[in-house]
Amino acid sequence: MNPTLTVIGAGAKGVAVAAKAAVLRDMGVDAPDVVVVERAEVGANWDAMGGWTDGQHRLGTNPEKDVGFPYRSALVRRRNAELDERMTRYSWQSYLIATGGFAEWIDRGRPAPPHHRWARYLRWVAEQIDMTVVSGDVQRISVDGERWALHTHDTVLHSDGVMITGPGQAERSILPGHPRVLSIAQFWHRAAEHERIAAERVAVIGGGETAASMLNELFRHRVSTITVISPSVTLFTRGESFFENTLFSDPTGWTGLTPAERRDAMARTDRGVFSARVQDALLADDRIRHLRGRVAHAVPRDGRIRLTLNSDRGGERLETVHGFDLVIDGSGADALWFLPLLGQDARDLIELGLGGPLAGDALCESIGYDLAVSNVSPKLFLPGLSGLTQGPGFPNLSCLGLLSDRVLGAELGAAPQRSVRSSDEHQPVR
Ligand SMILES: Cc1cc2nc3c(=O)[nH]c(=O)nc-3n(C[C@H](O)[C@H](O)[C@H](O)COP(=O)(O)OP(=O)(O)OC[C@H]3O[C@@H](n4cnc5c(N)ncnc54)[C@H](O)[C@@H]3O)c2cc1C
């Protein structure tokens, strides 16, 4: 029997891994049975229903960075070119050709598609490969002998390996239920309903891609000032030259950098930075400003929301209070969103592998070549946390074809574990 790999979330990563597994099987090569558990529908987070967008905003990366990109498989001895050729059948261009949109896309100058179109692309791939999707919201992850057990409200799925995807909980809010505080999902729900937001002073908590999309939308509403609150020194522009982009599509050499060099590269290109396009389009607008700090708490007072911010200035902890008419809490984007789902047995197993308490830094540092937590069996793949050890492109859309190679190259089930690879030189070969 084939081992089972269960993916939590039918987003870009789940579809990429399922597509490559399907292609491998078509080639007569062993691959795990990929089952995807999804609480909404395939590609939901790229549509208004997922709460992360209204679907109208555009993809930040090029759509050619699709489920097979960069088409440089290293998974099947002497047949990798064939594997890549077969994967191109599920490329962005193949989707456009199949749906009659290719010529128009070229003639328009190959624009980045709106998010809802990207969702449709993911759904098209899922349909083409007949992806197995189980409908359900995974609410708990536990261990059952040598397998994982994923609990939804009405079923338990057993699996030899689990991959967790997705950006977190768009519904999270620092003051749930208060009309002057919106979660990411509430904000996008309003935008999707074409509800006009009118407020004097607006705060957006959080930086990076999530905040960038929200700024892009807020810009059109009747607001006097928008304050972006993040712990970084300022709102940095993302480095987007060939040399910086290549770190995302090609992690060769990443493991040869020191942890400090990797953190530096990620800070310039990834964490909490705005793309040059966003900087040009939005941040020149004098309504937008930045406030450095971490929001400790929020209280409603005198018709406003008062946010208490903590920040470090010259080693001294500073506490400041600021009032806003509307707060948009963008802090729901959290790569560690799944921690509360782990049952005590799952936590114990992971802590055993980590050799210490379950903490974000320890998990990030423990991710091996196969994007799973080292020394933990059954395998737990956490591509969202693999940036530091394996390359900054793995958590996002930058190298989904490499991600699927790494995950499908891992040994699942009771078979003896391959040693964890720590260097790019050791490519898995079947
Ligand atoms: C607004 C926005 C724009 C972005 N733009 C870009 C971009 O242009 N380029 C880029 O590289 N990255 C971008 N990102 C980052 C993006 O999140 C990742 O690149 C990419 O979506 C990750 O794919 P994924 O498969 O991990 O998650 P997703 O594509 O987000 O899919 C996750 C899926 O998991 C499901 N799910 C969540 N929790 C559960 C659960 N408990 N049980 C079952 N199902 C669940 C969701 O419904 C969803 O369908 C953007 C992020 C945001 C928020």
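The values are calculated or read from the model by the stated rules, or taken from the named source; none is laboratory data. If you're wondering where the values come from, they're calculated on a predicted model, not measured in any experiment. All Cβ positions, even for glycine, are placed from backbone atoms using ideal geometry, and neighbour counts span all protein chains on display. The area values use the complete protein model at the heavy-atom level, side chains included, leaving out ligands, DNA and RNA. Shrake-Rupley method; radii C 1.70, N 1.55, O 1.52, S 1.80 Å.
Key figures
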read-out: Spatial separation of Cα centroids for the range 217-245 and the range 345-416, in angstrom; value: 30 Å
read-out: Modelled FRET efficiency - R0 45 Å, Arg317 with Glu64, Cβ distances, 0.05 increments; value: 0.45
read-out: Nearest-ten-degree value, helix 12-26 long axis tilted from longest Cα axis of the chain; value: 10 degrees
read-out: Folded to 0 to 90 degrees: helix 344-354 orientation relative to the chain principal axis, Cα; value: 80 degrees
read-out: Surface share of carbon and sulfur [accessible, 1.4 angstrom probe, percent] for the range 1-119; value: 47 percent
read-out: The chain: projected area of the alpha-carbon convex hull, averaged over directions, in nm²; value: 21.6 nm²
read-out: Within the chain, helix-based [θ] at 222 nm, where runs of 4 or more DSSP H residues each add -39,500 (n - 2.57), nearest 500; value: -8000 deg cm²/dmol
read-out: Accessible area (Å², per residue) of the chain, counting only protein heavy atoms and a probe of 1.4 Å; value: 45 Å²
read-out: Cα centroid separation, the range 192-210 to the range 80-149 (Å); value: 30 Å
read-out: For the chain, built as a Gaussian network whose Cα springs stay under 10 Å, the top-fluctuating residue of Ala18, Ala40, Ala185; value: Ala40
read-out: Degrees separating the helix 115-128 axis from the principal Cα axis of the chain, which is the longest one; value: 20 degrees
